[in-house]
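Okay, structure first, notes after.
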Amino acid sequence: MTLFVVSTPIGNLDDLSSRARRILSEVDLIVAEDTRRSSILLSRWGITTSMIPLHEYNERSTLPDLIERLKAGKKIALVSDAGTPLISDPGYILVRECGGLGIAVSPIPGPCSVIAALSVAGLPTDQFVFRGFLPPKKNERRSLLISLAAKNITQVFFEVPHRIASTISEMKEIMPGREITICRELTKNFEQVVLSTVEEIDSMLMAGEIPLKGEFVLLIRGTQAQKNYDEDRLLNILLKEMSPSRAASVVSKFLSLPKANFYDKALTLKRNLELEN
């Protein structure tokens, strides 16, 4: 009666550990985010264990059957498409339910793109925060980046190829001069790790030196010294994308000051922007 949470390769199939191979061969069932992708890995190692899918759309409906199997003494392995399950992947509901019912949950550690990126990024790793994928909507993404500009710990994100260039361009405006690392296609044939300033990374993306293809992990160095942030500059950036009220609210949270301190200024700056246009 054990649920094994098994890490699988993030690119190079040879990175599957011998212990993971043994567990995947011995369990009664493998629960996979995408059975088609996992079947490629299993075929590589001659593993014939039965699989069923578990993804964000069926996790709750599949839960009762999986719990009944575990209660009956079955051993189940949980895998994601790549890397360590639950890191921006399904499985949280299942693991939590097992914990609440006293069903053993055992990690089979291995590849994880977040940890792999941190290990080669050349940025401080004594403290870091992983935030999953950046918001796809521009307003939300910019607001998040502004709120993170004053943080003094390394921030780690996933980003998709069709947005990476615009994200870096926004970062160049919001946190100029900041060191960042882009990790692309980790452990794969076209692996690329680049540490530089956000301006240099932006230039490399524009020049095609960093192709807009593959899987990206983006790491942002924390601010190295507390800065006196220019309220007008922050408001002007936000007012291009949102209302004065919303902009004042974002800046107030960022600077930990009352919204009323910024609302009138936001209205004035908005009028100035409209006159300029």
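Quick look at the values:
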quantity: Rh (Kirkwood; distinct C-alpha pairs) - the range 114-220, Å; calculated: 13.7
quantity: Cα-based helix-to-principal-axis angle, 35-44 vs the chain, degrees rounded to 10; calculated: 60
quantity: Sorted by Cβ density within 10 Å, fewest first, the residues Met51, Met1, Met171, Met206; calculated: Met206, Met1, Met51, Met171
quantity: Cross-link pairs Lys151/Lys240; Lys75/Lys188; Lys137/Lys172; Lys137/Lys270 - those with Cα-Cα distance over 25 Å; calculated: Lys75/Lys188
quantity: Estimated Rh, the chain: Kirkwood, alpha-carbon pairs, angstrom; calculated: 21.1
quantity: Computed lengthening from Met206 to Asp65, 0.36 nm per intervening residue step minus Cα-Cα distance; calculated: 45.8 nm
quantity: Residue-averaged [θ]222 nm for the chain, counting only DSSP H segments that reach four residues, each worth -39500 (n - 2.57); calculated: -13500 deg cm²/dmol
quantity: Amide H contacts of Thr154 (H built 1.01 Å from N, under 5 Å, at least 5 apart or other chain); calculated: Gln127, Val129, Gly222
quantity: Degrees between helix 138-148 axis and first principal axis of the chain (Cα, 0 to 90, nearest 10); calculated: 90
quantity: Most mobile listed residue (Pro161, Pro64, Pro109) in the chain, GNM with C-alpha springs under 10 Å; calculated: Pro64
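All of the numbers you see were taken from the coordinates with simple rules; none came from a lab. Quick caveat, the model's predicted, so the values are computed rather than measured. All Cβ positions, glycine included, derive from the backbone under ideal geometry; neighbour counts span all protein chains shown.
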